[in-house]
Amino acid sequence: MNTNRGISSHGNGNTISNNAMGDHARVIATPPAERFGAPAFDSVAPTDRGTWDIGIVTILSEELRSLCHELKLERHKEAGGLYFYRGEHATPDSTIRIVATQTQSQGQRSTMAALENLRRHYAPRLWALVGVGGGIHDEHARIGNVIVSTEVVYYENRKINPLGDVRRRGEHRQAPAQVVHAVNAFFTEHGTPARIHGQVASRFSQEFEVYPGLIGSGEAVVADRDSDIRQYLAHYNEKVLAVDMEAGGLSQYWQENSVHDETNPGWIVVRGVSDNADAEKGHAHHELAARNAAHVLRLLLPFLP
């Protein structure tokens with residue numbers, strides 16, 4: 001029997017790929033990867049479509065590195081080129097499957113894109129935004145402390161009136177009730193504030209504090225103690241303890257996905273304080289804040305729904 005590829009051949013008993021003519025001729029549809037000149041996929045395992053419990057978004061490399069260290073996550077490359085970091089964490093009640101990713105850049109839009117990538121590939125049942133933030137409360141948000149938030153105030157919406165009068169219109173969103181109950185249970189057991197031993201070698205003998213509180217979120221890098229953003233947030237709610245550039249995107253993504261038929265994941269924000277959102281803002285305390293935030297997330301895992 002003759003076998004030909006890529007041509008039409010007349011006759012009986014021929015086997016031809018893609019086109020065939022004649023009595024008893026057959027067509028073999030060659031898979032694309034076998035065709036001449038077709039690009040080969042990266043040699044990576046396909047996405048595990050089982051249940052994933054926690055999907056984590058980070059922004060800085062220090063944040064993702066701290067999570068990988070704390071939760072023993074391992075790098076995984078998807079066929080399309082996206083990188084995720086996956087692992088399992090055992091609690092007294094269950095084994096929690098965790099997947100983390102890093103945004104391309106700071107800000108709300110990149111955060112929403114990262115959440116969509118997590119949803120598309122893993123569909124976790126809870127979102128977590130974990131990393132560093134700027135403290136705006138002198139007592140509770142000292143450098144190294146951690147803020148656990150189930151409420152976000154997005155401060156960017158505003159009206160600009162004649163003569164330069166600017167009036168901000170905040171948007172306030174709260175996480176689902178089961179996440180709020182979980183965080184309340186954590187602080188009931190650990191105290192408010194929870195006092196935890198430092199996670200950086202130079203601070204093992206020191207304790208940092210963990211507080212529940214609100215996060216103010218927008219597009220600004222706040223490095224001015226007298227900025228109108230800080231003044232607005234203090235007036236809006238005195239329990240706004242820190243600021244970031246991503247939590248607003250997380251809460252907005254959750255809100256807009258509430259219309260789907262499938263269950264919409266809950267969300268939580270864990271921010272280690274790396275600066276005081278003032279003129280001394282810098283990178284010196286990123287590792288300290290990121291390590292403390294990652295450790296607090298691990299302590300929260302047994303409580304989260």
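Descriptive notes on the structure:
- Averaging 1/r over each pair of different alpha-carbon atoms in region 179-249 and inverting the result gives 14.3 Å, the Kirkwood hydrodynamic radius.
- Bins of 10 Å from zero: percent of alpha-carbon pairs in region 212-260: 25, 48, 22, 6, 0
- Region 111-267 - share of DSSP beta bridges that are antiparallel (%, nearest 5): 50 percent
- Scalar couplings 3J(HN,Hα) for region 119-129, obtained by applying the Karplus form with A = 6.51, B = -1.76, C = 1.60 to θ = phi - 60°, are 4, 5, 8, 10, 6, x, 8, 8, 9, 9, 9 Hz; x denotes Gly and Pro.
- Quotient of Cα Rg and 2.2 N^0.38 Å for region 113-196, N being how many residues it contains: 1.45
- Heavy atoms of ASP244 accessible to a 1.4 Å probe, total area in Å² rounded to 10: 10 Å²
- A straight line joining the Cα centroids of region 67-116 and region 129-161 runs 23 Å.
- Based on Cα atoms of region 243-287, Rg over Rh with Rh as the Kirkwood radius reads 1.17.
- Between the amide H of ILE96 and those of HIS89, ALA90, THR91, distances stay under 5 Å, these residues lying 5 or more places away or on another chain, with hydrogens modeled in the peptide plane.
- Normalised by the number of residues in region 88-182, the mean separation of alpha-carbon contacts (under 8 Å, six or more apart) gives a relative contact order of 14 percent.
- Rounded to two decimals, the Cα-based Rg/Rh of region 205-289, with Kirkwood Rh, is 1.03.
- Take 176-185, 144-153 and order them by the average number of nearby Cβ atoms within 10 Å per residue, most first; the result is 144-153, 176-185.
The values are calculated or read from the model by the stated rules, or taken from the named source; none is laboratory data. Values in this document were obtained by computation on a predicted structure and should not be read as measured data. For neighbour counting, all protein chains shown are included, and Cβ atoms are generated from backbone atoms with ideal geometry for every residue, glycine included. These area figures cover heavy atoms from the full protein model, side chains too; ligands, DNA and RNA do not enter into them. Shrake-Rupley method; radii C 1.70, N 1.55, O 1.52, S 1.80 Å.
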